[in-house]
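Below: one structure, written as structure tokens.
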Amino acid sequence: MNEKINVLDNGYVRLTNVMGSDLSVVNSARVSYDKESTELDEKDIRLIKFLAREGHTSPFRHTTLQFEVYAPLMVARQHWKYIVGSDHTMDAWNESSRRYVTEEPTFYIPKEDEWRSAPENSKQGSGETLSSAAGFIFTNELEKYIERGEELYNFAMETGGICAEQARLFLPAYGMYVRYYWSASLQSVAHFLNQRLGRDSQAEIQEYAKAVYALAKPKFPVSLGELVKTEV
């Protein structure tokens, strides 16, 4: 399986594996009555709608999706909160580490028309987009900052003989791309989507949530149609 959607400038979400279907949800619920469906029908669809509406969520945890994600660290750490702070089971996360990986680092650099102002009435989130003239200054400064960090990173390892796990301290962290695998139950995926598809979430993670939704929805059209209440 190699279904992939590009995100931001260098990122992507790739669906690498799926276990189960809408029918799996139905049969996980029907086992209570020693029943099994072999093909999804209208009665099964009504059952899925009932389960989602009434909060009977355990059948949605018998299906699993696995994604490979390449995202800036600021996105990955927001995403990580759904692993360590969630009461939804069946989650796993493995991430590349610069203790071992010394490949050329890649950074997320907003284009000149992508910088956002601080909101007027909130301590978090974003306001209006800055002018391209103002954005040009910050894109340029960020590029210079990253370039200097990479120079120091390479100098530490190549000239100073510093180990990779310490040399990485010189790399600007929050914009640096990391690659990770995320495996989660359908319920957990829906929880993430409901939280991060919202227009009040950070714009960058919204784009990743949209990609996750676009890849997952065809695999579980009925279940996600009922579980995800946020407008896409």
- Message: Take Gln66 and Glu36, extend 7 Å from each Cα along the Cα→Cβ direction, and tell me the distance between the two endpoints in nm.
- Response: 2.5 nm
- Give the angle, between 0 and 90 degrees and rounded to the nearest 10, that separates the Cα long axis of helix 73-84 from the longest principal axis of the Cα atoms of the chain. 40 degrees
- In terms of modelled amide H atoms, which long-range or inter-chain residues lie less than 5 Å from the amide H of Tyr12? Val7, Tyr70
- Task: Quote the FRET efficiency, to the nearest 0.05, computed for Met74 versus Lys4 with a Förster distance R0 of 22 Å and r equal to the Cβ-Cβ distance.
- Result: 0.55
- Note on the structure: For the chain, Rg(Cα) over 2.2 N^0.38 Å is 1.21
- Query: Given H placed 1.01 Å from N in the peptide plane, which residues other than close sequence neighbours of Thr106 have an amide H under 5 Å from its amide H?
  - Reply: Tyr177
- What ³J(HN,Hα) values, in whole Hz, does the Karplus curve 6.51 cos²θ - 1.76 cosθ + 1.60 give for the range 127-132 when θ = phi - 60°, with x put for Gly and Pro? x, 6, 6, 6, 5, 4
- Grab the other residues whose beta carbon is less than 11 angstrom from that of Gln78, score K and R as +1, D and E as -1, and report the net. +2
- Task: May I ask you to list the residues of the range 215-232 whose amide nitrogen lies under 17 Å from a point 7 Å from Cα along the Cα→beta-carbon direction of Met19?
- Result: 220
- Query: Rule-of-thumb check for the range 106-232: C-alpha Rg over 2.2 N^0.38 Å?
  - Reply: 1.38
- Task: Go through the range 52-57 residue by residue and turn each phi into a ³J(HN,Hα) via Karplus (6.51, -1.76, 1.60, θ = phi - 60°); whole Hz please, and just put x for glycine and proline.
- Result: 5, 5, 8, x, 8, 8
- Got a sec? How would Trp115, Trp182 order by Cβ neighbour count within 10 Å, fewest to most? Trp115, Trp182
- Note on the structure: Under the Karplus relation with 6.51, -1.76 and 1.60 and θ = phi - 60°, whole-Hz ³J(HN,Hα) for the range 62-71, x at Gly and Pro, equal 8, 10, 9, 10, 10, 10, 9, 10, 10, 8
- Query: Between their Cα atoms, which of Lys49/Lys81; Lys111/Lys217; Lys4/Lys144; Lys111/Lys210; Lys43/Lys219 are more than 25 Å away from each other?
  - Reply: Lys49/Lys81; Lys111/Lys217; Lys4/Lys144
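The numbers here are math on the coordinates, done by the rules we state, and not lab data. Note that the coordinates shown come from a computational prediction; the quantities given were computed from them, not determined experimentally. Here the Cβ is made from the backbone with ideal geometry for all residues, glycine too, and neighbour counts use every protein chain on show.
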